[in-house]
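Novice: Below is the structure I would like to discuss, written out as structure tokens.
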Amino acid sequence: MPTLQVLQGPDKGQLFQLSGEGVVLGRYSQQVPLTDHTVSRRHAELRTDNGSWRIFDLGSSNGTYVNGDRIDGSAGLKHNAQIKIGSTVIVFKHRGEVRGYNRPASARGMVDVGGSDEVVDSAVLSAIQSGDESIILAAPETADAVHAWNLMYQLAEAISAISSIDDMLAHVNEIILRHLPVDRVFMLMRDEETGELNPIAMRYRAKERRGKKRRITVSRSMIRHVIDERKGVLCANADKRFGKEAMTGSLQELALMSVICVPIVGHEKVHGVIHLDCAMSRHTYSHEQLRLATAVGSMVGLAIENHQLMQARMKSARLAATGETVAYLSHHIRNMLQGLRSGADVVEAGLRRDNLENVRTGWQIIEHNLDRVYHLATNMLTFSKDREPRIEMVQLNHIVEEVIELAQRPAAEAKVKLDVTLGEIPPIPADSDGIHQAVFNLVLNAIAASPETSGCVRIATNLDASGNMIGIAVCDNGPGIPEAERNSVFTPFHSSKGQGGTGLGLAAAKKIVNELGGEITINSPRGGGACFTIRLAAERSSSVDLGATHGPAH
């Protein structure tokens, strides 16, 4: 019987059997109702004449396409023809058996694991030990073997990109449905705390969509046998092995079924089982298909354990990194708080003695440590989260002038001279706040690296000869940075200043420059010291919403 299977669109997965001489496709169709809002109420019609089918467009606004070509009035349909109406793609099948499967169904409440006195499963026709070398598939010498190798290849791809165990199990079920004749497939997974088996990732054949899905009853004895013996079993009909003689449950309701049940087993532990069945009137499973399903169960079990191990390691690594970061930052914050306490004590002593000079000295100490707290918090926020740059046309020299003004006090305290040379720089598209923070961090770093009494920090801006790149250079006359250590200076919490640095300033500066599409480099001039250079494009290649030109902050 000809069929229509929805491959793409809101109704993806639905299967419709064609009967009669005419079938309408559309949102108001009785035979093929579609929920796609881009499809007309009565979009197209399929008609048959002496076994041949044609499709007629019914004046739809979006048109009807067959194999990518828009039809003018009507077109003939052959087996596997693709029909596109709106955003829905449908494949037309005219010969052979066509199977479709529904979307993921909630497994809870649809599977009953019966007691030991319930006989609902079938006689063991074959069994394979999970983990045995015998489940390794033979070389693909036949079409079935090639099919099996395709399944294993897709399975390997699915478990190599596992994001969560539930998503992987659902994907595995879909792969099984595509490669094995299955009416229903589900997994029973063991609860880590209670040990109970819970059904998940259930799938039905498409024909189950149009009627009420029947509950599936499986024998607890068979499940226990598969788990305890770590064997996959192929069953048919009733057997005393899994219960009493009385026939009750789903097999009697669904007629004779061919059933495969295999363990999901890892290195040492059985995590659950995979259960699939098919009406024997349609297909009877073979020993080779049992071998294939058992191999799938073993691969899934190993993937689950590997994912759990990776998650445990990631958690341990995160805890270790968090502990190290907290300890590191706590140390610096405590030093800053001690500085604030010392400044407060000096202020208090000055007030008690009515000594204004002591009050000024203490307040300078407080201001200095408040600045340190502010810069630490700013750099932590910059480094800890992604930030979308706010691009506008800015005057780079104005930003540098603001930085120099703020750096005057720490430079004076360190007795370091600031030497500024600003070139002719046109307005450029950049993030003014980000550039301000990055340049300020470089200047503070240079001040700290400069020698006392004879320290000098040179800040310069320039436009290269091509007019395409802007440069901001911050150089000091300190001891310089050995070449072997230059790759690590941008590493978070790496600091060569001992107690004086947090190791976040250069890391935050590099992150900001990278977000702007620029680069930051290090070199050591012949005269000594270190020179950090920021390079930014004078123009942006992509169109951006540019605001007003940024001038000096007020």
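The values are calculated or read from the model by the stated rules, or taken from the named source; none is laboratory data. The shown structure was predicted, so the numbers you read here are calculated from the model rather than taken from an experiment. Virtual Cβ from ideal backbone geometry, glycine too; neighbours counted across all protein chains shown. Please note that ligands, DNA and RNA were not included when accessible areas were found on the heavy atoms of the full protein model with its side chains. Shrake-Rupley method; radii C 1.70, N 1.55, O 1.52, S 1.80 Å.
Novice: By the scheme Lys and Arg +1, Asp and Glu -1, what is the net charge of all other residues having a beta-carbon under 12 Å from that of Q311?
Specialist: Overall, the nearby charge balance is +2.
Novice: Which order do the peptides 171-178, 419-426, 287-294 take when ranked by the mean count of other beta-carbon atoms within 10 Å per residue, highest first?
Specialist: Going by the mean number of other Cβ atoms within 10 Å, highest first, we get 287-294, 171-178, 419-426.
Novice: Rounded to the nearest 10 Å², what accessible area does D167 show when all protein chains are kept and the probe is 1.4 Å?
Specialist: 90
Novice: Quick one: what are the phi-derived ³J(HN,Hα) couplings along region 74-88, Karplus 6.51/-1.76/1.60 with θ = phi - 60°, whole Hz, x for glycine and proline?
Specialist: Running phi through 6.51 cos²θ - 1.76 cosθ + 1.60 with θ = phi - 60° gives 8, 7, x, 10, 10, 4, 6, 5, 9, 10, 10, 10, x, 9, 9 Hz.
Novice: Separate question: Lys and Arg at +1, Asp and Glu at -1: add these up for the other residues within a Cβ distance under 14 Å of N462 and post the number.
Specialist: Taking every other residue near N462 into account, the sum is 0.
Novice: Can you flag which of K12/K78; K415/K510; K315/K510; K12/K315; K417/K511 are past 30 Å Cα-Cα?
Specialist: Over 30 Å apart, Cα to Cα: K12/K315.
Novice: 5 Å is the cut-off here: which amide hydrogens, built 1.01 Å from N in the peptide plane, fall below it relative to E519, excluding neighbours closer than 5 in sequence?
Specialist: For E519, whose amide H was placed from the backbone, the distant partners under 5 Å are R535.
Novice: Where in region 39-80 does the label zone of E21 land, with the point 7 angstrom along Cα→C-beta and an amide N cut-off under 20 Å?
Specialist: Of the residues in region 39-80, 44-58, 74-77 have backbone N under 20 Å from the label point off E21.
Novice: Please give the FRET efficiency for E357 paired with S524, using the beta carbon to beta carbon distance and R0 = 30 Å, rounded to the nearest 0.05.
Specialist: 0.10
Novice: From the phi angles alone, apply the Karplus equation (6.51, -1.76, 1.60; θ = phi - 60°) to region 402-412 and give each ³J(HN,Hα) in whole Hz, x where the residue is Gly or Pro.
Specialist: Karplus values, whole Hz, x for Gly and Pro: 4, 4, 4, 4, 5, 7, 4, 5, x, 5, 5.
Novice: What does the charge count around Q8 come to, taking other residues whose C-beta lies under 13 Å from its C-beta (Lys +1, Arg +1, Asp -1, Glu -1)?
Specialist: Around Q8, the charge tally is 0.
Novice: Between region 62-95 and region 433-462, what is the separation of their alpha carbon centroids in Å?
Specialist: That distance is 68 Å.
Novice: Carbon and sulfur: what percent of region 419-470's accessible surface (1.4 Å probe)?
Specialist: Carbon plus sulfur share of accessible area: 50 percent.
Novice: Counting only residues 5 or more places away or on other chains, whose amide H sits under 5 Å from the amide H of G272 once H atoms are built in the peptide plane?
Specialist: Hits under the 5 Å cutoff: R190, I264.
Novice: Modelling each spin label as a point 7 Å along the Cα-to-Cβ direction, I'd like the E413/M280 distance in nm, to one decimal.
Specialist: About 8.8 nm separates the two model spin labels.
Novice: Could you check the spin-label model distance between H368 and T453? Points 7 Å from the Cα along Cα→Cβ, value in nm.
Specialist: Roughly 1.8 nm, to one decimal.
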